[in-house]
Amino acid sequence: MTDKEHIVSAFDRDLAAVQTLIMKMGGMVETAISDAARALELRDVELAEQVRKNDKQIDALEEQVASEVARIIATRSPTAGDLRTVLTVLKISGNLERMGDYAKNLGKRTSVLSEMPAINGSGGALRRMVQLVSLMLKDALDAYIQRDVALAEDVRRRDGDVDQMYNALFREFLTHMMEDPRNITACMHLHFIAKNVERMGDHVTSISEQVIYLVTGGLPEEDRDKQDKTSIDSALGKV
Amino acid sequence: MSKDIKISAKGVDVFYGDTHAIKNVNVDIEDKAVTAFIGPSGCGKSTFLRCINRMNDTIDICRVTGDILLENEDIYAKSVDPVQLRARVGMVFQKPNPFPKSIYDNVAYGPTIHGLAKNKSELDEIVEQSLRRAAIWDEVKDRLHQPGTGLSGGQQQRLCIGRAIATAPEVLLMDEPCSALDPIATAQVEELIDELRASYTVVIVTHSMQQAARVSQKTAFFHLGEVVEYGDTDKIFTNPEDSRTESYITGRIG
Ligand SMILES: Nc1ncnc2c1ncn2[C@@H]1O[C@H](COP(=O)(O)OP(=O)(O)OP(=O)(O)O)[C@@H](O)[C@H]1O
Ligand SMILES: [Mg+2]
């Protein structure tokens with residue numbers, strides 16, 4: 001990668017503009033996630049509604065990124081680092097858009113959950129999981145702007161912690177449901193929320209991998225440890 | 001799978017009087033593949049290309065040192081006849097240079113002196129096939145006996161390509177073959193290059209990065225007379241090793 005300027009300065013402006021869109025999108029997704037988490041915790045239905053509404057703007061930004069990227073490819077035929085920049089911008093905007101969807105879904109479930117009795121203890125664990133993912137997202141976006149491979153690697157590693165927290169919550173929700181079948185509906189919603197936060201972590205991991213590709217031209221080799229074992233280890237379900 | 005090496009340059013230097021135009025170039029050019037030479041104007045692409053069929057011999061002040069092997073034989077050895085060599089290693093020049101003869105004769109000349117046709121109808125066949133492959137047959141088939149110099153610049157260039165392939169060379173050197181061509185003729189020449197790759201070795205100098213990326217499997221980046229980077233075209237255009245290569249192909253100030 002080189003940070004020298006293009007002879008055609010409009011090319012630099014195009015690349016800068018599309019990366020600014022990504023950062024704007026990233027900021028909106030960060031807000032959506034923290035607002036959704038706060039709405040869930042405080043049973044704030046209005047805030048949850050706001051998160052759902054704001055998702056439209058995130059979707060619109062993704063479309064804007066896609067059409068800008070198409071225009072840059074068509075008019076500038078980017079190569080090497082420039083090519084990797086536009087390819088990663090496109091992928092990252094896709095990851096951010098999906099994260100926005102999960103935040104929106106969290107908002108929807110908050111509206112439903114606010115009508116139900118609270119489940120003891122789960123709120124704090126979910127909040128910690130969301131905080132972890134929010135921080136990962138912030139660091140992944142910083143790694144992107146700084147072209148910081150070490151930070152991107154670190155974010156990837158932290159996704160294992162998110163998976164472990166999800167496993168713990170999965171077991172906890174099962175326990176509550178077994179204790180009292182009246183908890184089932186709420187726990188099912190909470191479980192989907194936990195699962196969606198875990199998936200947000202996967203999208204942040206994908207963003208980190210794009211940072212590594214952008215800088216090095218290669219994707220990281222070794223597979224991350226798969227810490228979400230609920231799908232492969234049925235024993236986890238036996239509490 | 002590693003391919004056979006058709007041409008091997010070892011420690012090649014070229015001087016025009018005191019000008020050191022090529023500096024210690026070492027490259028192995030693969031058989032049955034297209035190799036692109038790219039680099040800023042004046043970096044020595046044409047000079048190096050001309051070493052491969054000893055065209056520099058015709059320039060008085062030009063001196064070539066080092067070895068260039070064609071299928072492991074030194075092409076600068078005393079036993080090698082440059083005229084025979086140029087039948088094996090054909091060339092299309094940066095500026096179209098048709099002979100002051102008819103269109104037909106321009107193409108028929110090489111096959112005739114090298115005895116490639118047994119009779120007139122075979123020669124007619126070679127001329128037609130060569131002009132078809134050079135994507136100019138339809139434009140000249142009704143005026144084959146008019147002078148080649150009477151064609152437009154882009155038509156002359158395609159005529160020269162037809163002339164170069166008429167002798168069925170093993171190696172075809174092309175110095176910016178498409179610089180005077182419109183997009184359709186350019187696409188036709190690129191299609192021809194792709195087709196030639198099945199049986200020949202092609203080396204192309206081009207200023208179009210997109211063309212180099214499209215037609216070649218290997219790319220060499222020349223800079224101030226040196227080969228800065230040489231490797232798979234896919235790699236050079238997605239993730240070059242040298243920052244000078246990256247600056248050049250992405251259009252940055254080097
Ligand atoms: N016949 C010549 N006599 C003297 N110097 C020459 C001659 N031909 C080329 N040179 C010099 O050798 C250097 C390399 O020239 P060359 O034509 O190989 O460059 P090139 O890479 O093909 O450039 P371009 O892309 O403009 O065709 C230049 O400095 C040029 O001035
Ligand atoms: Mg030249």
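None of the figures in this text is laboratory data; all of them are computed from the coordinates on show. Quantities reported herein were computed from a predicted structural model and do not represent experimental measurements. FYI the Cβ positions are ideal-geometry reconstructions off the backbone, even for glycines, and counts take in every protein chain you see.
Exactly one condition in (1) more than 16 Å from ligand 1 (Cβ to nearest atom); (2) within 24 Å of A:Pro78 (Cα to Cα) is not met by B:Ser179; state its number.
The one condition B:Ser179 does not meet is (1).
Checking the structure you have, find out if any residue of region B:162-185 is over 28 Å from B:Asn26 (Cβ atoms), away from every other protein chain (no Cβ under 14 Å) and among the acidic types (Asp, Glu).
Scanning region B:162-185 turns up at least one residue that is over 28 Å from B:Asn26 (Cβ atoms), away from every other protein chain (no Cβ under 14 Å) and among the acidic types (Asp, Glu).
Please verify whether region B:204-218 includes one or more residues that are of a type in the set (A, V, I, L, M, F, W, C), under 23 Å from B:Leu85 (Cα atoms) and out of contact with any His (no Cβ under 8 Å at 6 or more places or on another chain).
yes
Taking region B:1-36 on its own, how many of its residues are acidic (Asp, Glu), within 16 Å of ligand 1 (Cβ to nearest atom) and within 18 Å of the chain's Cα centre (by Cα)?
0
Here is a check on your reading of the model: is B:Val34 closer than 15 Å to B:Met174 by Cα and away from ligand 2 (no atom under 16 Å from the Cβ)?
Yes; evaluated as a whole, the condition is true for this residue.
So that you can scan it fast, the table gives a plain yes or no per residue for (1) without any contact (Cβ under 8 Å) to a residue 12 or more places away in the chain; (2) crowded, with 18+ Cβ neighbours inside 10 Å; (3) of a type outside the set (D, E, K, R); (4) more than 14 Å from every other protein chain (Cβ to nearest Cβ):
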site: A:Ile7; (1), (2), (3), (4): yes, no, yes, no
site: A:Met23; (1), (2), (3), (4): no, no, yes, yes
site: A:Leu40; (1), (2), (3), (4): no, yes, yes, yes
site: A:Arg43; (1), (2), (3), (4): no, no, no, yes
site: A:Ile58; (1), (2), (3), (4): no, yes, yes, yes
site: A:Val65; (1), (2), (3), (4): no, yes, yes, yes
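Looking at B:Cys62, B:Cys51 in this structure, which one is within 16 Å of ligand 2 (Cβ to nearest atom), farther than 16 Å from B:Leu172 by Cα and more than 14 Å from chain A (Cβ to nearest Cβ)?
Values: B:Cys51 fails: farther than 16 Å from B:Leu172 by Cα.
Just a single option satisfies the conditions, and that option is B:Cys62.
Can you go through B:Glu128, B:Glu73 and tell me which one is on the phi < 0 side of the Ramachandran plot and surrounded by fewer than 14 Cβ atoms within 10 Å (Cβ to Cβ)?
After applying the criteria, what remains is B:Glu73.
Among the β-branched types (Val, Ile, Thr), loosely packed, with under 15 Cβ neighbours inside 10 Å and under 30 Å from B:Pro40 (Cβ atoms): is that true of A:Thr88 in this structure?
No, not satisfied.
State yes or no: is B:Phe48 assigned to a helix (DSSP H, G or I) and among the aromatic types (Phe, Trp, Tyr)?
yes
Whether any residue in region A:48-55 is within 14 Å of chain B (Cβ to nearest Cβ), assigned to a helix (DSSP H, G or I) and not hydrophobic (A, V, I, L, M, F, W, C) is what I want to check.
Checking region A:48-55: not a single residue is within 14 Å of chain B (Cβ to nearest Cβ), assigned to a helix (DSSP H, G or I) and not hydrophobic (A, V, I, L, M, F, W, C).
Within region B:8-32, how many residues are closer than 16 Å to B:Leu224 by Cα and of a type in the set (D, E, K, R)?
The qualifying residues number 3.
Considering only strands (runs of 3 or more DSSP E) fully contained in region B:189-254, which possess at least 2 residues that are within 14 Å of chain A (Cβ to nearest Cβ) and not β-branched (Val, Ile, Thr)?
B:226-232
Taking the conditions exactly as written (buried (at least 17 other Cβ atoms within 10 Å of the Cβ), more than 29 Å from B:Asp232 (Cβ to Cβ) and away from ligand 2 (no atom under 16 Å from the Cβ)), does B:Ala87 satisfy them or not?
Numbers: buried (at least 17 other Cβ atoms within 10 Å of the Cβ): yes; more than 29 Å from B:Asp232 (Cβ to Cβ): yes; away from ligand 2 (no atom under 16 Å from the Cβ): yes.
When the stated conditions are applied, B:Ala87 passes them.
So that you can scan it fast, the table gives a plain yes or no per residue for (1) touching a helix residue (DSSP H, G or I) at 6+ places or on another chain (Cβ under 9 Å); (2) more than 22 Å from B:Ile52 (Cα to Cα):
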| site | (1), (2) |
| --- | --- |
| B:Pro147 | yes, yes |
| B:Gly154 | yes, yes |
| B:Ser199 | no, no |
| B:Val202 | yes, no |
| B:Met209 | yes, yes |
| B:His223 | yes, no |
| B:Gly231 | no, no |
| B:Pro240 | yes, yes |
| B:Thr245 | yes, yes |
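In region A:132-152, how many are within 16 Å of the chain's Cα centre (by Cα), surrounded by fewer than 16 Cβ atoms within 10 Å (Cβ to Cβ) and touching a residue at least 60 places away in the same chain (Cβ under 8 Å)?
Residues flagged as within 16 Å of the chain's Cα centre (by Cα), surrounded by fewer than 16 Cβ atoms within 10 Å (Cβ to Cβ) and touching a residue at least 60 places away in the same chain (Cβ under 8 Å) within region A:132-152 amount to 1.
Would you say B:Ile22 is within 13 Å of ligand 2 (Cβ to nearest atom), within 14 Å of chain A (Cβ to nearest Cβ) and not small (Gly, Ala, Ser)?
So B:Ile22 fails the test.
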